[in-house]
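As structure tokens, the structure follows; a few thoughts come after it.
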Amino acid sequence: MVILFILISFLFSVPLSIFTFTKTKNKWIALLVTFCWNTVFLVGVTWIIYLLNDEVRLFGIGHTSFYILPFFIPLITWIDYFIIELTRKNNKKVDSI
């Protein structure tokens with residue numbers, strides 16, 4: 001279930017970062033948008049799971065695997081950084097042709 005949430009966050013952040021980069025031509029703004037999306041989604045999912053799961057509220061989030069969701073925010077953003085760099089290099093090659 002945790003992997004599903006991580007994949008959803010990644011699959012939504014990649015097109016969002018590419019779309020933002022192509023519209024603004026600024027990779028830092030695209031990374032900021034991606035970071036904000038990952039933060040809102042993964043922390044929101046963690047918070048909702050905390051509210052809905054009685055085991056998590058009783059024993060704490062450290063006794064389940066849901067505590068790793070916020071740790072994937074910088075990792076997904078870092079992967080998106082490399083995807084934006086590839087997009088930027090491909091756009092330069094297309095512009096030079």
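The values are calculated or read from the model by the stated rules, or taken from the named source; none is laboratory data. It should be emphasised that the depicted structure is a prediction, and the values quoted were computed from it without experimental measurement. Virtual Cβ from ideal backbone geometry, glycine too; neighbours counted across all protein chains shown. Heavy atoms of the whole protein, side chains included, go into the accessibility calculation; ligands, DNA and RNA do not. Shrake-Rupley method; radii C 1.70, N 1.55, O 1.52, S 1.80 Å.
Below is a table of values for the structure above.
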{"item": "Search result, residues across region 1-47 that are in a helix (DSSP H, G or I), of a type outside the set (A, V, I, L, M, F, W, C) and over 8 Å from the mean Cα position of the chain (by Cα)", "result": "Pro15, Ser17, Thr20, Thr22, Lys23, Thr24, Lys27, Gly44, Thr46"}
{"item": "Selection from region 39-55 of residues that are β-branched (Val, Ile, Thr), touching a helix residue (DSSP H, G or I) at 6+ places or on another chain (Cβ under 7 Å) and open to solvent by 50 Å² or more (accessible area, probe 1.4 Å)", "result": "none"}
{"item": "Residues that are closer than 14 Å to Pro70 by Cα and without any contact (Cβ under 8 Å) to a residue 12 or more places away in the chain, drawn from region 5-37", "result": "Leu7, Cys36"}
{"item": "Close pairs (7 angstrom Cβ cut-off, 6 or more residues apart or separate chains): under 14 Å from Trp28 (Cβ atoms) in region 68-90, open to solvent by 60 Å² or more (accessible area, probe 1.4 Å) anywhere", "result": "Thr77/Phe35"}
{"item": "Number of the condition not met by Ile79 [criteria: (1) open to solvent by less than 60 Å² (accessible area, probe 1.4 Å); (2) among the β-branched types (Val, Ile, Thr); (3) within 22 Å of the chain's Cα centre (by Cα)]", "result": "(1)"}
{"item": "Subset of region 56-66 that is in a helix (DSSP H, G or I) and open to solvent by less than 100 Å² (accessible area, probe 1.4 Å) - its residue that is farthest from Gly44 (Cα to Cα)", "result": "Gly62"}
